[in-house]
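Undergrad: Quick one: the structure is below, and I'll ask about it shortly.
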Amino acid sequence: VTFVKGGEEQTVQAPLGESLLEVAHHHDIELEGACEGSLACSTCHLIVEEEEFYDKMPEPTDDENDMLDLAFGLTETSRLGCQIIAKPELDGLRVRIPAATRNMAVDGYVPKPH
């Protein structure tokens, strides 16, 4: 998986079955995740760069769509990092981390990775 933020890219191995939020935290990539993956915020918002990969993912649930509605810089290929699970068909995935997030819960809170 390649995470893109600003002009920088970081490609990392994503263990099968892990969410991209967990993968980012394991590799010290700045992806907030204020609710720690409980689908209660939009701070792990990612933009899937290639539609072919987006189409290989399960459809977002209603709960995920509700949270995405709150996300900064929403696009047609936006997903929450806590809901993208690494699987073989996503090998080569590129996701962009938006320049900003909206944290409706606690501004400035950065959770510790698991």
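The values are calculated or read from the model by the stated rules, or taken from the named source; none is laboratory data. Because the structure is predicted, anything quoted here is derived from the model rather than measured. All Cβ positions, even for glycine, are placed from backbone atoms using ideal geometry, and neighbour counts span all protein chains on display. Please note that ligands, DNA and RNA were not included when accessible areas were found on the heavy atoms of the full protein model with its side chains. Shrake-Rupley method; radii C 1.70, N 1.55, O 1.52, S 1.80 Å.
Undergrad: Taking a probe of 1.4 angstrom, what is the accessible area of residue 61 in Å², to the nearest 10?
TA: 70 Å²
Undergrad: Moving on to the next point. Ratio of alpha-carbon Rg to the 2.2 N^0.38 Å globular estimate for the chain, to two decimals, please. Could you put the intermediate results ahead of the total?
TA: On the way: Rg = 12.7 Å, N = 114, 2.2 N^0.38 = 13.3 Å.
That ratio works out to 0.96.
Undergrad: Given a 1.4 angstrom probe, what's the average accessible area per residue across the chain, in square angstrom?
TA: Working: 6500 Å² over 114 residues.
With the other protein chains kept in place, the chain gives 57 Å² per residue.
Undergrad: Tell me, what is the 1.4 Å probe accessible area of residue 53, in Å² to the nearest 10?
TA: Solvent-accessible area, nearest 10 Å²: 20 Å².
Undergrad: Considering the dipole of the stretch 25-85 built from charges on the beta carbon (Lys and Arg +1, Asp and Glu -1) around the Cα centre, which of 47, 68, 35 is farthest to its positive end?
TA: Farthest towards the positive end: 35.
Undergrad: Heavy atoms only, probe 1.4 angstrom, no DNA, RNA or ligands counted: give me 23, 1 ranked by accessible area, highest first. Don't skip to the end; give the middle numbers.
TA: Values: 23 0, 1 25 Å².
Reading off the accessible areas and sorting them downward yields 1, 23.
Undergrad: Leaving out ligands, DNA and RNA, and with a 1.4 Å probe, what % of the accessible surface on the chain is carbon or sulfur?
TA: On the way: 3100 of 6500 Å².
Of all accessible area on the chain, carbon and sulfur atoms account for 48 percent.
Undergrad: Percentage of Cα-Cα pair distances in the stretch 16-57 greater than 11 Å, rounded to whole percent? List each step's numbers first, then the result.
TA: Details: 591 of 861 pairs.
Counting every Cα pair in the stretch 16-57, those more than 11 Å apart make up 69 percent.
Undergrad: If you place +1 on the Cβ of every Lys and Arg and -1 on the Cβ of every Asp and Glu, how big does the dipole about the Cα centre of the stretch 1-94 come out, in debye to the nearest 20? Walk me through the numbers before you get to the answer.
TA: Working: 5 positive and 22 negative charges, 43 e Å.
The dipole magnitude comes to about 200 debye.
Undergrad: Which of 46, 31, 90 moves the most in a Gaussian network model of the chain with Cα springs under 10 Å?
TA: Highest fluctuation among the options: 90.
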